[in-house]
Amino acid sequence: MFRVSRVGGDRTAPDGGSYGAMGTVCDFAQTMQLELACQVSADGSATVQVRGELDIATADQAYAYLRDVMDHQDGSVIMNLADLTFCDAAGLGVLARMARHARRTGRSVKLTAARPALLRIMRITGMDEAFPEIRNPTLSLISWPRQATASPA
């Protein structure tokens, strides 16, 4: 099963089909800012490939798509972030909302292949606690401060 949604600016172009059909959407002139593609395995888990920019322009539709995927799966949802090129505060908010929704509904959402810059921001903001699978043993040796502290003179 494969489902694709492309988000450009403030518009989403859903595949218009069911989860059983393959859909691709290409009929808008605006440059693609975000592409979300979902593939469901035989065990019911879903892998969502995230490509492009998860930012204020795409956050609402991305969350709606990801929540829809999560709500229609029996298994876990894995978000592959290898092709996520940009993530602002609104994008981090989408990830936080997905983690919260998963907890409330008794489901699981996991992140894979996040870039080092995103991992660093997630560590600084404490979001790595919502996604413990992103903790890299190499990065965990580095003590990233959560807030600045002043030492006495």
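What follows is calculated from the coordinates using simple rules that are stated; it is not laboratory data. No experiment lies behind these values; they were computed from the predicted model shown. No Cβ is skipped: glycine too gets one built from the backbone with ideal geometry, and neighbour counts run over all protein chains shown.
Could you check the spin-label model distance between D71 and D43? Points 7 Å from the Cα along Cα→Cβ, value in nm.
It is 2.6 nm.
Starting from the Cα coordinates of segment 42-136, work out the convex hull volume and express it per residue in Å³.
Here the figure is 90 Å³ per residue.
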